[in-house]
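These notes are about the structure you will find just below.
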Amino acid sequence: DHFFYHPNTAPFIAYRIIQRFAISNPSPRYIREVATAFISGKYKTFGSSKYGCLEATIAATLLDREARSAILEADPFQGGLKEPLLKVIGVMRSMEFSPAGSRPATRFNDMAVLIGEMAHDFPTVFGFYLPSYEPNGVIGDAGLVSPESVLLDMSKNINLLNGMFSLARYGLSGCFNGFGQNVGWNPCQLGNFDNAS
C-alpha cells in the first residue's frame, strides 16, 4: 500500500501508460491529466471514482487532446514508433489473414531473431526496450525519447521488410525470409498459398 499510494506512483504510471498507448514524449500537462484520472478514478464519464482506476486512466490516455489532435500530427516529434511485431500483425489484419484449415494455430518462426521481438519472449523482465531510450540523431539531439527505436537496426529493418513482402507474395511461410515455416515440397511459388500456414 505504501508504494501504491506514494505521490510519485500516479505520474510514473501515467507516463508509462501514455508511452505504450499514445505517444513517446507526452507533455507535463498530459501526464498530469492522466495522473489525476488515476488518483481520482474518474475521467469525464469513465471510472469508478476509486484511486487507481485503470478505466479512468486509460480513458484519459486515449481521449486526451494530445493523443487525438490532428494539428499535432504535423509535428515530426509528435507520436511514437509502432513496434515491429505490431506492424506485422497490422499487415496480416489488413490482408484479412486466416490460417490454413489444416493448421488452425498461426506459428511464427524466429521472430525474436528476425525483427527483435516476439510475444511473450522478452529478453529481460523489463521488456524489449527502456522507456527512456534516446536514439542517436535528431530525436536524441532534441532530448526526446523513442523507446521502440532500440529495436531498429539495419538487419532487423531488412528482415521486417523481407518478411512482409514474403507474406504478401507467399502467405505465412518461410519463403524468401518469411515469418512462417515452409510446409511441403517446393512451396515457394508466387501466389501459391497452399503450403503456407
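The values are calculated or read from the model by the stated rules, or taken from the named source; none is laboratory data. Note that the structure is predicted; figures quoted are calculated from it, not measured. All Cβ positions, glycine included, derive from the backbone under ideal geometry; neighbour counts span all protein chains shown. Areas reflect the complete protein model, heavy atoms only, side chains present, ligands, DNA and RNA absent. Shrake-Rupley method; radii C 1.70, N 1.55, O 1.52, S 1.80 Å.
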- Those residues of the range 50-83 which are in contact with a Lys or Arg (Cβ under 8 Å, 6 or more places away or on another chain) and either basic (Lys, Arg) or over 11 Å from Ile23 (Cα atoms) (or both) amount to Cys53, Ala56, Ala59, Leu63
- Checking Leu81 against (1) under 19 Å from the mean Cα position of the chain (by Cα); (2) open to solvent by 60 Å² or more (accessible area, probe 1.4 Å); (3) at pLDDT 90 or above, which single condition isn't satisfied? (3)
- Any residue in the range 178-193 that's farther than 15 Å from Arg107 by Cα: show its pairings with residues that are at pLDDT below 65 at Cβ separation under 6 Å, as long as the two are six or more apart or on different chains. Gly184/Asn195; Pro187/Asn195
- Message: So, in the range 41-94, how many residues would count as being in a helix (DSSP H, G or I) and either without any contact (Cβ under 8 Å) to a residue 40 or more places away in the chain or of a type in the set (A, V, I, L, M) (or both)?
- Response: 23
- Which of the residues that make up the range 127-163 are of a type in the set (Asp, Glu) and open to solvent by less than 40 Å² (accessible area, probe 1.4 Å)? Glu148
- Message: Suppose we keep only residues that are touching a helix residue (DSSP H, G or I) at 6+ places or on another chain (Cβ under 9 Å) and not in a loop (DSSP other than H, G, I, E, B) within the range 107-126. Which one would you say is least open to solvent (accessible area, probe 1.4 Å)?
- Response: Met111
- Message: I'm trying to understand the selection: among the residues of the range 15-35, which are farther than 22 Å from Ser149 by Cβ and crowded, with 18+ Cβ neighbours inside 10 Å?
- Response: Glu33, Val34, Ala35
- Identify, by number, the condition in (1) surrounded by 15 or more Cβ atoms within 10 Å (Cβ to Cβ); (2) modelled with pLDDT under 95; (3) farther than 23 Å from Glu148 by Cα that Phe46 doesn't meet. (2)
- Query: Of all residues in the range 56-71 being farther than 22 Å from Ser40 by Cα and open to solvent by 60 Å² or more (accessible area, probe 1.4 Å), which is modelled with the lowest pLDDT?
  - Reply: Ala70
